[in-house]
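Right, one structure below, let's go through it.
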Amino acid sequence: MNWIQIGKLEDIPRQGARTVTTPHGEIAVFRTIDDQVFALNNRCPHKNGPLAQGIVHGHRVTCPLHSWVISLENGEAVAPDTGCAHRYNVKLEHGELLLQLPDKK
Amino acid sequence: MAIKKTRLVVIGNGMAGIRTVEELIKMSPDEYDITVFGAEPQPNYNRILLSPVLSGEMTFQETVLNDWGWYQENHITLHTGKPVTKIHRKQCVVSTDDGLSAPYDRLLIATGSIPFMLPVPGIDLPGVVAYRSIQDVEAMLAAAQTGKRAVVIGGGLLGLEAANGLSLRGMEVSVVHINDWLMERQLDKAGGDLLTAELRKRGLNFYLTHQTEAILGEQHVTGLRFKNGLEIDADLVVMTVGIRPSIALAKSAGIYCERGIVVNDTMQTFDPKIYSVGECVQHRGQTYGLVAPLFEQAKVAANHLAEFGRMRYEGSLVSTKLKVTGIDLFSAGDFHAAEGDEELLLQDTSRGVYKKLILRDNRLRGAVMYGDTVDGPWYFQMLRDGTDVSEFREHILFGQAHLGDSGRSGAASVMNMADSAEICGCNGINKGMIVKAIIEKKLFTIEEVRAHTKASSSCGSCTGLVEALLANTLGGDYSASPNKKPMCPCTELSHDDVRAAISKHSLESMPQLMQTLNWKTPDGCASCRPALNFYLLAAAPDTYQDDSHSRFINERVHANIQKDGTYSVIPRIWGGVTSPAELRAIADIADKYEVPTVKFTGGQRLDLLGVTKENLPKMWGDLVAAGFVSGHAYGKALRTVKTCVGSEWCRFGTQDSTGLGIQMEKETWGSWTPHKFKIAVSGCPRNCAEATIKDFGVVCVDSGYELHVGGNGGIKVRVTDFLCKVSTEAEVLEYCGAFMQLYREDAHYLERTAPWIERTGLTHIKQRVVDDASMRAELYARFLQSQTSAQIDPWKARAEGKDAAEYVPLMAVAEMAN
């Protein structure tokens, strides 16, 4: 597993998201109202909607395609929907955002 | 951890008390140490489902709302079978007869009601029961095992349900009623007679206008005698002549009571530490015996116990439905016509259908329906909203023919539909799934059904059907959403409340709004944020700082997201009139960005589909260079102005519809509206531009311009209402701007002009836009003022670099290090 520098906290708008393209696919990195960061696979478990384009509220994002609500903390869809978007570790160190990616296969 | 919590004691373990506790825990989970005293030995169960238990359609276990585990999980101390007998208000302690006591900081009295027993000889004999609790049901069931003849005294809602249940259990049942028709509080005589006839067919006997003088028997009831001397046999007597608020305890503690415990609009009694909810309460002179008002009261009481201090209970309108399988009966409001009221009647004896509506000033005051009640929720909604029905008065008795629509119009009754019938087309939810969720998850409101099944949570066109399912599944106590609907679960405030608060407190930003109005969530949700952003913008168009992260993606990036995450781009083509040069430019741009699909839209322009997000600003730059601006095809905004060729070419054209359409589009483009807004101008009454299904339609005639409003295609096609006729193009522009401004200032977010007009009435709009010239001028002036800051092309701004980060990835990780 590798920690990769992807930018600074200020690069992501509050209540917004940016994407990182990786060999594992597109990853959405979210910044919430309380300046926490979360990373999920940028595909809604429902119909692959780009979660980074959704409205971020609390620690959740609403998918722009069919309004599924996904928890940023664990990637799980909020009931009554079920499904999970893969979650990645992301952390903030000295103002730098670090995203953890699995090694190349 | 040693912080001492505030102590809340609840007297009454029934539906109202426990609902309050549930609401309180939702709002403020850790504020209180809660102790509940219940007189009955059971946990909280759904009293309104006693009739199905009696008739054998349900088991008691299915009616339990909160099982023992629920109390444990929420750390609630529960004492069942322990009626509180004393409230010591000075010491703030309650106690029971067997020595239990509990101190309180706040007390909630939810003692409910007690059945009224006629003061006649023999009332205490074994075999005489009330119909109030599960114990009563058990007593009736035991009697049904041994006895044969049952007599129910009181032909109201409850009495008939009891009679029906006992009859299904094999007893011979007679109903005694003092009035000359049944359910006189819910039905007029005609409806009552139909009901009596139907119930007679089912084997019930009736003694109408009979008054009981004595109940007969030595060891056990054997019969009863009427005042006219007639005697009948009975092995079981069920007394259902009415209920009385249970106020003895409160009274003994010196709490002010009249018929019930008197409370104010915050559900507080005369003792400020003591609140009260439910059937024991008297609010603004009214007492309530149905569950819907109790739940509204519970919400308000919980809000104040949680010290949010925002809500007021302002009384409820109630509707009634008889829970006797196979009998459709619905009533709401006041259905005895008073002076000045009008009565609309429909009576179809062979079909067994009877409907009566009472109108005053073209607003519904009451409704009685028998035989066909599918429109009950619709009438009830209009009654609560005070909808002006003058526009569709001639059809109103025939019901909301397009109920739920989507090709389902005329579905005789939602209960006749098969379980597999799809109700919510957006989410693929069928009837069986909804009914199952209502029963199993014990749902009472449309919001709860949405949360558990998603039905009616997307486009909303099936809301009527889902409400009908709720009403039919739950019976009369279906908690129809209260008059004021909260705009979303983040608040108790309605759309109107929020708009009023914005202007009252001069709110200028979303954080300020959420703080001032006690939003329950830190930063709202995907449903309230776009609405608030619009309301703040509409209130202060010149100064409000638009919050792009509270806009849906399409409005944030000024393009329409597609199913694969690409976007569609639609440049504005004024009035649908273009030129070879424009078409060439579009063709070149489509080639350059390898646009996979180019399609004509329904609004007379070209849609370039399949554009990646990264390419959007570059493409816009090229479009702007060729003279185009954004078409706002993605926004809750002015979309297109559709036109026909009009007098310039058409041999039938009466006016220059294209020229007028272009002028209108130049004046209105860029404006944000509560929902999308479409305009069309037809050059003659043949109406080739389909102006009569647009939000604002102009139909040119020889002598001027007919203006039409409130139409739309889409889910529920609606033809416009005629607004007025004007004679000049300048007037068309003024009326259009004024109408749009009124819509922007008045409608709820995501409410198109059609439902807005249906909700507020065409008269409301005519008064402001047509009749009052100065108000029209003011609306128009405000519209033009807001356009000065709105008509800035968002594409040009972004092509020049605005929000650049929005369109590119944060980073591309090309290769993984090993």
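The values are calculated or read from the model by the stated rules, or taken from the named source; none is laboratory data. Just so it is clear, the model here is predicted, and its values are computed rather than measured. Heads up, the Cβs are rebuilt from the backbone with ideal geometry, glycines too, and the neighbour counts pull from every protein chain shown. These area figures cover heavy atoms from the full protein model, side chains too; ligands, DNA and RNA do not enter into them. Shrake-Rupley method; radii C 1.70, N 1.55, O 1.52, S 1.80 Å.
Considering the stretch B:371-397, the residues that are in contact with an Asp or Glu (Cβ under 7 Å, 6 or more places away or on another chain) and assigned to a helix (DSSP H, G or I) include one that is least open to solvent (accessible area, probe 1.4 Å), namely B:PRO377. Scanning the stretch B:589-598 for residues that are touching an Asp or Glu at 6+ places or on another chain (Cβ under 9 Å) and surrounded by 12 or more Cβ atoms within 10 Å (Cβ to Cβ) yields B:ILE589, B:LYS592, B:TYR593, B:VAL598.
Of the residues B:LEU733, B:LEU784, which is within 19 Å of B:ALA637 (Cβ to Cβ) and touching an Asp or Glu at 6+ places or on another chain (Cβ under 7 Å)?
Of the residues listed, the single one that is within 19 Å of B:ALA637 (Cβ to Cβ) and touching an Asp or Glu at 6+ places or on another chain (Cβ under 7 Å) is B:LEU733.
Only one entry in B:PHE226, B:PHE270 is among the aromatic types (Phe, Trp, Tyr), more than 42 Å from the chain's Cα centre (by Cα) and either surrounded by fewer than 19 Cβ atoms within 10 Å (Cβ to Cβ) or in the same structural domain as B:GLY165 (by TED's automatic domain parsing) (or both), namely B:PHE226. Only one of the numbered conditions (1) within 27 Å of B:GLY683 (Cα to Cα); (2) in contact (Cβ under 8 Å) with a residue 40 or more places away in the chain; (3) of a type outside the set (A, V, I, L, M) is violated by B:TYR749, and that is (1). Only one of the numbered conditions (1) under 24 Å from B:ARG759 (Cα atoms); (2) part of a strand (DSSP E or B); (3) touching a residue at least 40 places away in the same chain (Cβ under 8 Å) is not met by B:LEU346, and that is (1). Criterion first (modelled with pLDDT under 95 and assigned to a strand (DSSP E or B)) does B:ARG244 satisfy it? The answer is yes for B:ARG244. Does at least one position in the stretch B:352-360 carry a residue that is within 26 Å of B:THR760 (Cβ to Cβ), open to solvent by 30 Å² or more (accessible area, probe 1.4 Å) and touching a Leu at 6+ places or on another chain (Cβ under 7 Å)? The answer is no; no qualifying residue exists.
Here the stretch B:1-30 is the region considered, the condition is being touching a strand residue (DSSP E or B) at 6+ places or on another chain (Cβ under 6 Å) and either under 11 Å from B:ASP105 (Cβ atoms) or charged (D, E, K, R) (or both), and the residue that is modelled with the lowest pLDDT is B:LYS5.
Within the stretch A:39-48, take every residue that is outside any loop (DSSP other than H, G, I, E, B) and surrounded by 24 or more Cβ atoms within 10 Å (Cβ to Cβ) and give me the one that is farthest from the other protein chains (Cβ to nearest Cβ). Filtering the stretch A:39-48 for residues that are outside any loop (DSSP other than H, G, I, E, B) and surrounded by 24 or more Cβ atoms within 10 Å (Cβ to Cβ), the one farthest from the other protein chains (Cβ to nearest Cβ) comes out as A:LEU40.
Out of the residues in the stretch B:170-187 that are modelled with pLDDT under 90 and open to solvent by 10 Å² or more (accessible area, probe 1.4 Å), state the one that is nearest to B:LYS355 (Cα to Cα). Break it down stepwise before answering.
If we filter the stretch B:170-187 for residues that are modelled with pLDDT under 90, which is where we start, we get B:183-187.
If we keep only those that are open to solvent by 10 Å² or more (accessible area, probe 1.4 Å) too, we end up with B:184-186.
Details: B:GLU184: 16, B:ARG185: 16, B:GLN186: 13 Å.
Among those that are modelled with pLDDT under 90 and open to solvent by 10 Å² or more (accessible area, probe 1.4 Å), it is B:GLN186.
If we keep just the residues of the stretch B:774-811 that are outside any helix (DSSP H, G or I), aliphatic (A, V, I, L, M) and open to solvent by less than 60 Å² (accessible area, probe 1.4 Å), which is farthest from B:HIS675 (Cα to Cα)? Ranking the candidates gives B:MET811 first. Taken together, the criteria place B:VAL291 among residues that are among the β-branched types (Val, Ile, Thr) and within 25 Å of B:ALA248 (Cβ to Cβ). Tallying residues that are more than 18 Å from B:LYS563 (Cβ to Cβ) and under 10 Å from the mean Cα position of the chain (by Cα) within the stretch A:34-55 yields 4. When the strands (runs of 3 or more DSSP E) confined to the stretch A:49-105 are screened for residues that are touching a strand residue (DSSP E or B) at 6+ places or on another chain (Cβ under 8 Å), within 12 Å of chain B (Cβ to nearest Cβ) and crowded, with 18+ Cβ neighbours inside 10 Å, those reaching at least 3 such residues are found at A:60-62, A:96-101.
Out of curiosity, is B:GLU73 under 19 Å from B:VAL300 (Cβ atoms) and open to solvent by 40 Å² or more (accessible area, probe 1.4 Å)? Judged against the criteria, B:GLU73 is not a match. Test B:GLY260 against the stated conditions and say whether it is under 32 Å from the mean Cα position of the chain (by Cα), touching a residue at least 40 places away in the same chain (Cβ under 8 Å), open to solvent by less than 20 Å² (accessible area, probe 1.4 Å) and assigned by TED's automatic domain parsing to the domain that holds B:ILE18. So B:GLY260 fails the test. Out of everything in the stretch A:10-33 that is within 7 Å of another protein chain (Cβ to nearest Cβ) and open to solvent by 50 Å² or more (accessible area, probe 1.4 Å), what residue ends up being nearest to B:GLN562 (Cα to Cα)? Checked the stretch A:10-33; the qualifying residue nearest to B:GLN562 (Cα to Cα) is A:PRO23. Number of residues in the stretch B:674-689 that are within 28 Å of B:ALA538 (Cβ to Cβ) and open to solvent by 30 Å² or more (accessible area, probe 1.4 Å) equals 3. Note on the stretch B:571-588: residues that are open to solvent by less than 20 Å² (accessible area, probe 1.4 Å) and either closer than 18 Å to B:PRO794 by Cβ or in a strand (DSSP E or B) (or both) total 3. The set of residues from the stretch B:492-512 being within 14 Å of chain A (Cβ to nearest Cβ) and of a type outside the set (Gly, Ala, Ser) comprises B:MET510, B:PRO511. Going by what's in this entry, would B:GLN604 be described as in contact (Cβ under 8 Å) with a residue 40 or more places away in the chain and of a type outside the set (Ser, Thr, Tyr)? Against the criterion (in contact (Cβ under 8 Å) with a residue 40 or more places away in the chain and of a type outside the set (Ser, Thr, Tyr)), B:GLN604 does not qualify. A single entry from B:ALA150, B:ALA143, B:ALA139, B:ALA162 fulfils the requirement of being surrounded by fewer than 21 Cβ atoms within 10 Å (Cβ to Cβ) and either assigned to a helix (DSSP H, G or I) or over 33 Å from the mean Cα position of the chain (by Cα) (or both): B:ALA139. If you go through the stretch B:97-110 and pick out every residue that is open to solvent by less than 40 Å² (accessible area, probe 1.4 Å) and in a loop (DSSP other than H, G, I, E, B), you end up with 2.
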